[in-house]
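Data first, discussion second: the structure below is written as structure tokens.
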Amino acid sequence: MNELDLKAMGITAINQTLYKLPKDTNERHWIIRNPMGQHAIACGLDAPLQVDIQGHVGFYCGGMNKHAEITIHGHAGVGLAENMMSGVVWVKGNASESAGATANGGLIVIEGDASSRCGISMKGVDIVVGGNVGHMSAFMAQAGNLVVCGDAGEALGDSIYEARLYVRGRADNLGSDCIEKEMRAEHLEDLAKLLERAKLKHRPESFRRYGSARKLYNFNVDHADAY
């Protein structure tokens, strides 16, 4: 186990230390102390590291992550795990706006609440939120799964493509082209696996599924006036 003190080293030195590690390093477990809400902590990692951040982080923590498992023992600012490719980013607290934006793969777990635009334009990532999500979550979501164990804010799934949304609480205001869909056996199975990975004990049957009506992005020239 290796420890890095951000207050003493600064963000550039912290990130450079992690960047330079080879993918086959034996020094896999790193602890970052005194993050002090700084931005861009542990961004662009490309090795199977385990990084524990002891405190709150600012914008874009874990952005562009690939392979690493990053745990934030606090709250996270805007753009958590933006454009993540693989690995795990786990937040023990809440996350601000645009968590998981444009993320292509991997798993994001937010134990608390997520603010607006959670999962915006997600492209294959799995996001599990233990609490609520804010307005415009999963806006233009293309692929992947967003699991919300609490309530969803206004315009959930607006302009959604083929991502799957699972909500345990209220979802009273759906966005354009987002509708409630049948929860079939394969969806219950997939959801059960996601809940298990996120260490949550909710019953998959207590969730409802939402997705695209597939009307918005299929242009029909006979109904051009409607666009």
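Every number here is computed from the coordinates shown, using simple stated rules; none is lab data. In this text the structure is predicted, and so the values were computed from the model without any measurement. We place every Cβ from the backbone using ideal geometry, glycine too, and count neighbours over all the protein chains shown.
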Could you give the C-alpha radius of gyration of the chain expressed as a fraction of 2.2 N^0.38 Å, taking N as the number of residues it contains? 1.05
Around M136, what is the net charge, scoring Lys/Arg as +1 and Asp/Glu as -1 over all other residues with Cβ under 10 Å from its Cβ? -2
Using only Cα atoms and rounding to the nearest 10 degrees, what angle (0 to 90) does helix 185-197 make with the longest principal axis of the chain? 20
Filter the cross-link list K123/K201; K181/K201; K20/K201; K92/K123; K123/K193 down to pairs whose alpha-carbon distance in this structure exceeds 28 Å. K20/K201
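Grab the other residues whose beta carbon is less than 14 angstrom from that of G153, score K and R as +1, D and E as -1, and report the net. Before the final figure, lay out the partial values.
On the way: positive: R117, R170; negative: E97, D113, D151, E154, D158, D172.
Charge balance near G153 sits at -4.
Count charges around L80 for me, please; just the other residues with Cβ under 13 Å from its Cβ, Lys/Arg as +1, Asp/Glu as -1.
Values: positive: K92, R117; negative: E82, E97, E111, D113.
The answer is -2.
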By the C-alpha gyration tensor axes a ≥ b ≥ c (rounded if a/c is under 1.5, else prolate when a/b exceeds b/c, else oblate), the shape of the stretch 75-118 is oblate
Just name one of I32, V148, G93: the one whose Cα is farthest towards the positive end of the charge dipole of the chain (beta-carbon charges, Lys/Arg +1, Asp/Glu -1). I32
